[in-house]
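Novice: Before I ask anything, here is the structure I am working with.
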Amino acid sequence: MCGIVCYLGSERKTAYLIDKLKRLEYRGYDSAGYSSLIKNAFYTQKVVGKLENLEKLIKNDEKSTCLISHTRWATHGECNKINAHPHLSKNNFWAVVHNGIIENYINIKKELKDEPQSTTDTAVVAEFLEERNPKSLEEFVDVFKEIKGSYALVALSKNEENTMYFAKNKSPMFIGVSGEDFMIASDPICFSGFAKEYIIVEDGEFGIIKNKKILILNSEKIQIKKQIQKLEIEFENSSKAGYPHFMLKEIMEEAGALENQVNTFLSRKILKPFSKSFIDEFDRIVFVGCGTAYHAGLMGTHYVKEILQKNADAYISSEFLCEKDTFLDKKALYIFISQSGETADTLLALEKVKKLKIPTIALTNVMYSTISRRADYVLPTCAGKEIAVASTKAYICQLSAIYMFCKNAKYEYFDEKNACYFEINNISKKINNFDREKIKNLANLISTKQECVFIGKALDYVTSLECSLKLKEVSYINSCAYPSGELKHGYLAMITKETPLFAFATNEKFNLKTISSAEEALARGAMVFVITSSKEFANSNQNVIYIDEQNSLLSPLLASSVMQYLAYNVSINKNLNPDMPRNLAKSVTVE
Ligand code: F6R
């Protein structure tokens, strides 16, 4: 998703500032640009593609005291140079960068005297600012009374040197403060090495940086006193550490991430607030998330039912938003899962529950994220920075965190006495330990196929959903996931001898049934591969991938990891970039 880095202060090298923008690359983008305000004129560069292309346009000695820069992930308007940000108004009076969506841009456009050059929603705001031409923060707030939607927006007026306006609603925005130097960014990670303190800009806040001071007003034009936060985030070295891609690096980091998860939970007694008596207050546990995070929630429902013997449900965030408030269960505990902690649909779902004063937990990988800040409790996943768009190690940590959450609530031991810590440590020893050559050979075969199907029962069905999503994302091979028992109720019609079918059988209770469903596909010519923890099948056939874990609640961690490695290798075979799948972004900050 779009990222912004803006700077106002003493002279800095433009390249230094664009380097900060590089820290937002993990969000995914397809074009980039910047504008410097120099002697009442904008100096602007835009490119399609990577920041390296933008860097090539910066001259060695180029410096800036006032700069706005942006990485764009196209939503309204195709990806091209004109649609890249910053957007300048017709007479170059205003320059704007924006993350979010201006929902009423068509109505505003109708009011404009001049048609903006670009068809994007943001270009309309630049033009609108030129026509309204606010000369103070109060007037800037008035302009925004007419703008609806989500925005982290920074604007410069060519007539106001050393001045920066900003507005925030729903999209993340932070201001790093280093003496008399200021940086506005979508993620405080940009401030590491620049500032030791920062401010969190909240929804409905509007501000100006001028005369080396920040002034922030709410929509009623009342001044807001902001708390200064200490920057405790170190920019982790996001090098690939010798791996060709982040996705592979992150899969190979799963063992370490799980150890970290256990150590953090133990040393900080993270699960202590979620004791049995706390959980007993609720009739039901409801998980909400998108994509892979939703799948973690679905898996969570099985953990809750199995370990806590409690009712549980999982919702896709955007679907949850369609539910009438009257159907929200006031006796349920809601857990919002999000790697980034910024996903707009999940954030809105959280707000919907908060409005009814129902307790909320955020299960996130980014402690300073909006979802972490808004929820009543935070349960951290300790995966470390995940850069590749497709989620891998974060998913594994989400499952382990929910598992330990349930086990702690059940057995009330928040230290080593609780067996779950040992169990997860044990998984960490097995997780990166599989026959890579075998999976690579399988990847060679799958790479030539048009489609794939994944089947399983109960937890294995959830694994099927997640593995199918991962394969689609990074290989563009169409795939679907079916509950094993459902295959014969429709999908069998699609099976040909060209169809690879992956059957997950990691739960003794259901293995034979899933194998029977796989047999039905085999009888119709499908190429069947079985991923199983059953020793009985282990060496029976070369198309069997053995998962060395008898606890059926934890075998999905191992099965998912192997299949992530498969998806990665299919992507490589097809000459694709698994780190940045087409059309996808990492932190989806728009609905
Ligand atoms: C899949 C993937 C996405 C995310 C989804 C939610 O590999 O990465 O499906 O899981 O966009 O993102 P977060 O977890 O950041 O809320």
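The values are calculated or read from the model by the stated rules, or taken from the named source; none is laboratory data. Owing to the predicted nature of the structure, the values given are computational and were not obtained by experimental measurement. Because the Cβ atoms are built from the backbone with ideal geometry, glycine has one as well, and the counts that use them run over all protein chains shown. Keep in mind that these areas ignore ligands, DNA and RNA; they rest on the heavy atoms of the full protein, side chains included. Shrake-Rupley method; radii C 1.70, N 1.55, O 1.52, S 1.80 Å.
Novice: Please work out how much length the chain gains when fully extended from Lys213 to Thr448, using 0.36 nm per residue of separation minus the C-alpha to C-alpha distance, in nm with one decimal.
Specialist: Numbers: separation 235, 0.36 × 235 = 84.60 nm, distance 5.95 nm.
Contour length minus the Cα-Cα distance gives 78.6 nm.
Novice: Using only alpha carbon pairs under 8 Å that are at least six residues apart, calculate the relative contact order of the range 10-123 and give it in whole percent.
Specialist: Over the range 10-123, the number comes to 26 percent.
Novice: Determine the percent antiparallel among the DSSP beta bridges restricted to the chain, to the nearest 5.
Specialist: 65 percent
Novice: Can you give the angle from 0 to 90° between the axis of helix 511-523 and the longest principal axis of the chain, with both taken from C-alpha atoms, to the nearest 10?
Specialist: Helix 511-523 and the main axis of the chain meet at about 90 degrees.
Novice: Next up: Length gain on complete extension for the stretch Leu348 to Arg436, per 0.36 nm per residue less the alpha carbon to alpha carbon distance?
Specialist: Working it through step by step, the gained length comes to 27.6 nm.
Novice: Positive end of the dipole of the chain, charges at C-beta (+1 Lys, Arg; -1 Asp, Glu), about the Cα centre: which of Val544, Ile402, Asn433 has its Cα farthest in that direction?
Specialist: The residue sitting most towards the positive pole is Asn433.
Novice: Can you run phi through the Karplus equation (6.51, -1.76, 1.60; θ = phi - 60°) for the range 452-457 and list ³J(HN,Hα) in whole Hz, with x for Gly and Pro?
Specialist: 8, 9, 10, 10, x, 10
Novice: Return the subset of Lys13/Lys90; Lys407/Lys509; Lys472/Lys509; Lys109/Lys135; Lys449/Lys497; Lys310/Lys407 for which the Cα-Cα distance in this structure is over 19 Å, preserving the input order.
Specialist: Flagged as over cut-off: Lys13/Lys90; Lys407/Lys509; Lys472/Lys509; Lys109/Lys135.
Novice: If you line up the long axis of helix 254-267 against the longest principal axis of the chain, both from Cα atoms, how many degrees apart are they, to the nearest 10?
Specialist: With both axes taken from Cα atoms, the answer is about 80 degrees.
Novice: Separate question: Using 7 Å Cα-to-Cβ label points, what is the Glu234/Ala41 separation (nm, one decimal)?
Specialist: 4.6 nm
Novice: In debye, nearest 20, what is the charge dipole magnitude of the chain about its Cα centre with +1 on Lys and Arg Cβ and -1 on Asp and Glu Cβ, if you could check?
Specialist: Here the size comes out at about 360 debye.
Novice: Give me the percent of accessible area attributable to carbon and sulfur for the range 434-591, probe 1.4 angstrom.
Specialist: Looking at the range 434-591 in its full context, I get 49 percent from C and S.
Novice: Kirkwood hydrodynamic radius, the range 498-591, all distinct C-alpha pairs: what's the number in Å?
Specialist: The answer is 15.1 Å.
Novice: How large is the accessible surface per residue of the range 398-473, computed with a 1.4 Å probe and reported in Å² as a whole number?
Specialist: That works out to 39 Å² per residue.
Novice: Further question: Roll a 1.4 angstrom probe over the protein heavy atoms and tell me the percent of accessible area of the range 132-291 that is carbon or sulfur. The partial results should precede the final answer.
Specialist: Working: 3150 of 7000 Å².
Summing carbon and sulfur atoms, their accessible area is 45 percent of the total for the range 132-291.
Novice: Still on this model: What nm value, rounded to one decimal, do you get for the distance between Lys226 and Asn80 when each label is placed 7 Å out toward the C-beta?
Specialist: Going by the 7 Å Cα→Cβ label model, 3.7 nm.
Novice: Sticking with this structure for a sec: Per the helix-only calculation at 222 nm, which mean residue ellipticity applies to the chain, given -39500 (n - 2.57) for every DSSP H run of n ≥ 4 and division by its residues, nearest 500 deg cm²/dmol?
Specialist: -10000 deg cm²/dmol
Novice: How many Å³ per residue does the convex hull of the Cα positions in the range 434-591 occupy?
Specialist: Numbers: hull volume 19.3 nm³, N = 158.
About 122 Å³ per residue, rounded to a whole number.
Novice: In addition: Ranking request for peptides 256-265, 221-230, 425-434: highest mean number of other beta-carbon atoms within 10 Å first, then the rest in descending order.
Specialist: The densest-packed peptide leads the list: 256-265, 425-434, 221-230.
Novice: Ok, one more. Based on the alpha-carbon gyration tensor of the range 3-230 and its eigenvalue square roots a ≥ b ≥ c, which shape applies: rounded if a/c is under 1.5, prolate if not and a/b is larger than b/c, or oblate? Could the numbers behind the result be given before it?
Specialist: On the way: a/c = 1.39, a/b = 1.05, b/c = 1.32.
Since a/c stays below 1.5, the shape of the range 3-230 is classed as rounded.
Novice: Accessible area per residue for the range 234-337 in Å², computed with a 1.4 Å probe and the full protein assembly in place, what is it?
Specialist: Ligands and nucleic acids excluded, the figure is 45 Å² per residue.
Novice: For the chain, compute Rh as the Kirkwood radius over C-alpha pairs and then the Stokes-Einstein diffusion coefficient at 25 °C and 0.890 mPa s; write the answer in µm²/s, rounded to an integer.
Specialist: This corresponds to a translational diffusion coefficient of 97 µm²/s.
Novice: Report the relative contact order of the range 3-230, percent, no decimals, based on alpha-carbon pairs under 8 angstrom and at least 6 residues apart. The partial results should precede the final answer.
Specialist: On the way: 537 pairs, mean separation 44.5, N = 228.
Relative contact order here is 20 percent.
Novice: Assuming a ≥ b ≥ c are the square roots of the Cα gyration tensor eigenvalues, decide whether the range 240-431 counts as rounded (a/c under 1.5), prolate (otherwise, with a/b larger than b/c) or oblate.
Specialist: On the way: a/c = 1.96, a/b = 1.23, b/c = 1.60.
Oblate shape, in that a/c is at least 1.5 and b/c is the bigger or equal ratio.
Novice: Another question about this same structure. Each label point is 7 Å from the Cα along the Cα-to-Cβ direction; what then is the distance between the points at Lys488 and Glu306, in nm?
Specialist: 2.6 nm
Novice: Further, regarding this structure: Quick one: of Lys158/Lys213; Lys213/Lys586; Lys430/Lys513; Lys240/Lys440; Lys170/Lys331, which pairs are farther than 23 Å apart, Cα to Cα?
Specialist: Lys213/Lys586; Lys430/Lys513; Lys170/Lys331
Novice: Shape of the range 1-135 from its Cα gyration tensor (a ≥ b ≥ c, root eigenvalues): rounded if a/c is under 1.5, otherwise prolate when a/b > b/c, or oblate?
Specialist: Note, shape of the range 1-135 comes out oblate.
Novice: Here are some pairs, Lys148/Lys357; Lys276/Lys305; Lys324/Lys457; Lys393/Lys429; Lys230/Lys393; which of them have Cα atoms lying more than 19 Å apart in this structure?
Specialist: Distance filter (> 19 Å) returns Lys148/Lys357; Lys324/Lys457; Lys230/Lys393.
Novice: How do the peptides 172-180, 558-566 rank, highest first, by the average count of neighbouring beta carbon atoms within 10 Å per residue?
Specialist: Final packing ranking: 558-566, 172-180.
Novice: Further question on the same structure: Stretch Asn577-Arg268 to full length: gain in nm at 0.36 nm per residue minus the Cα-Cα span? Kindly include the intermediate steps, with their values, before the conclusion.
Specialist: Numbers: separation 309, 0.36 × 309 = 111.24 nm, distance 3.80 nm.
Here the answer is 107.4 nm.
Novice: Please tell me the relative contact order of the chain in percent, rounded to the nearest whole number, where contacts are Cα pairs under 8 Å and at least six residues apart.
Specialist: Averaging sequence separation for qualifying contacts and normalising by length gives 11 percent for the chain.
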